[in-house]
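Worksheet: one structure, shown below.
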């Protein structure tokens with residue numbers, strides 16, 4: 001084999017090897033990117049029949065019960081999802097339940113401290129008032145709850161309807177933003 005033939009074989013072999021390496025290295029990087037993207041959409045922790053107790057200065061303030069919890073810690077904005085619903089109890093300093101909330105689905109964004117309850121949301125307060133809506137937000141930083149959806153609030157014999165509402169986090173002092181329907185006032 002002459003030197004010229006060896007040189008031509010070398011010239012052909014080097015680009016072929018470089019192309020092969022480039023192809024496989026791109027595939028590997030693409031697989032890694034896909035793996036990381038999928039990782040954001042896969043819960044890192046799944047728990048069943050959970051009970052979470054939030055305390056302030058050693059006193060129980062909130063208890064959350066859920067049949068299933070999925071924690072997505074690899075998401076761009078980590079969150080906890082409750083796909084089978086939640087029940088929340090809010091306690092006063094004497095450990096008396098002052099409000100409750102149930103929903104068929106919930107999600108909690110830990111960095112924002114924002115809870116979103118969806119589908120058949122029912123909240124009650126210490127006065128016995130009941131809120132029904134399809135979506136309710138609880139901003140723990142602002143210490144308020146609100147909804148932009150249709151709401152129904154039952155206060156004893158009175159039933160109030162409207163679109164949107166705002167309240168303190170105990171659902172003690174609330175306001176319907178766009179009331180609708182007839183309102184009857186007892187003038188006794």
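The values are calculated or read from the model by the stated rules, or taken from the named source; none is laboratory data. It should be emphasised that the depicted structure is a prediction, and the values quoted were computed from it without experimental measurement. Methodologically, a virtual Cβ is constructed for each residue, glycine included, from the backbone with ideal geometry; neighbour enumeration extends over all protein chains shown.
Taking (1) surrounded by 14 or more Cβ atoms within 10 Å (Cβ to Cβ); (2) modelled with pLDDT under 95; (3) closer than 23 Å to residue 55 by Cα in turn, residue 150 satisfies each apart from (3).
Of all residues in region 144-166, count the ones that are more than 17 Å from the chain's Cα centre (by Cα) and over 21 Å from residue 180 (Cα atoms). Total satisfying the criteria: 0.
Take residue 49 and tell me if it is surrounded by fewer than 11 Cβ atoms within 10 Å (Cβ to Cβ), at negative phi and at pLDDT 65 or above. Judged against the criteria, residue 49 is not a match.
Does residue 125 meet the test of being within 27 Å of residue 110 (Cβ to Cβ) and modelled with pLDDT of 85 or more? Spelling it out, residue 125 is indeed within 27 Å of residue 110 (Cβ to Cβ) and modelled with pLDDT of 85 or more.
In this structure, residue 131 qualifies as without any contact (Cβ under 8 Å) to a residue 60 or more places away in the chain and not in a loop (DSSP other than H, G, I, E, B). Does region 33-46 contain at least one residue that is assigned to a strand (DSSP E or B), more than 12 Å from the chain's Cα centre (by Cα) and at pLDDT below 90? For region 33-46, residues assigned to a strand (DSSP E or B), more than 12 Å from the chain's Cα centre (by Cα) and at pLDDT below 90: present. Restricted to region 167-178, and to residues there that are surrounded by fewer than 15 Cβ atoms within 10 Å (Cβ to Cβ) and in a strand (DSSP E or B), the residue that is nearest to the chain's Cα centre (by Cα) is 168.
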